[in-house]
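What follows is a single structure, written as structure tokens, with notes after it.
Just so it is clear, none of the values below were taken in a lab; they were calculated from the coordinates. Values in this document were obtained by computation on a predicted structure and should not be read as measured data. In this analysis, Cβ positions are derived from the backbone assuming ideal geometry, glycine residues included, and neighbour counts consider all displayed protein chains.
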Amino acid sequence: MNRMTAITGLVLMLGGCNQNMDTQPKYNSYSDAPLFRGSSLRPPPAGTVAQGDIEREWAIRTKPPMTRELLARGQNRFQIYCTPCHGQTGEGNGMVVQRGMPHPTSYFDPRLLAADDQHFFDVITNGYGAMYSYASRVEPRDRWAIVAYIRALQHSRHASLDDVPPDARAKLEASP
């Protein structure tokens, strides 16, 4: 009798293994759901904040102070993400442009020289013209670093000896 009960129980349990997740009743994303009177996707509760959103928003709204480290990081990120189109100097003659892609505006164009830092940040974030958004590839702090490096490129073109600090100017004037 015990043996028969065990076999019956085993057969019943094995019969339940046939049903898997594919055959269970469920709603697919964006499908109609009569239970919810509309889409199966439910709106988040009011006041819900996704993980990392507060820090990300703070980084977007807060421009970091100009430091050597920020410029070095900006140069590094610029070389990775920007030089293929904009070139090493920001003229807009990068390698992909030489192979037929549209020519981006030079950073030395009067319109871009007059643009504020937020413009460059927004273009990196949202894209502009043929340039697509880099928001998913470049973190907000790195976007600000790239903006700082672009400004350094722009200033370097129009720099004079008067722009150099006095102690560094003495070294430049003394070198052959």
Taking alpha-carbon centroids only, segment 119-176 lies from segment 92-106 a number of Å equal to 19 Å
Sorted peptide list for 160-169, 66-75, criterion being average Cβ within 10 angstrom, highest first: 66-75, 160-169
Please arrange Ser31, Ser106 by how many other C-beta atoms lie within 10 Å of their C-beta, fewest to most. Ser31, Ser106
Could you work out the helix-only [θ] at 222 nm for the chain, with each DSSP H run of four or more residues adding -39,500 (n - 2.57) and the total divided by the number of residues, to the nearest 500 deg cm²/dmol? -14500 deg cm²/dmol
Angstrom value of the Kirkwood radius, inverse mean 1/r, which spans all Cα pairs in the chain: 21.8 Å
Order of 84-92, 113-121 by packing, highest average Cβ count within 10 Å first? 84-92, 113-121
Say the dipole of the chain comes from +1 at the beta carbon of Lys and Arg and -1 at that of Asp and Glu; which of Leu153, Pro34, Leu113 then lies farthest toward its positive end? Pro34
Only counting other Cβ atoms within 10 Å, I'd like Arg56, Arg42 sorted with the fewest neighbours first. Arg42, Arg56
If r is the Cβ-Cβ distance from Ala6 to Leu41 and R0 is 41 Å, what FRET efficiency results, to the nearest 0.05? 0.35
Quick one: putting +1 on the C-beta of Lys and Arg, -1 on the C-beta of Asp and Glu, what dipole do you get for segment 66-159 around its Cα centre, in Debye to the nearest 20? 200 debye
Stokes-Einstein, Kirkwood over Cα pairs, segment 66-159, 25 °C, 0.890 mPa s; D in µm²/s equals 186 µm²/s
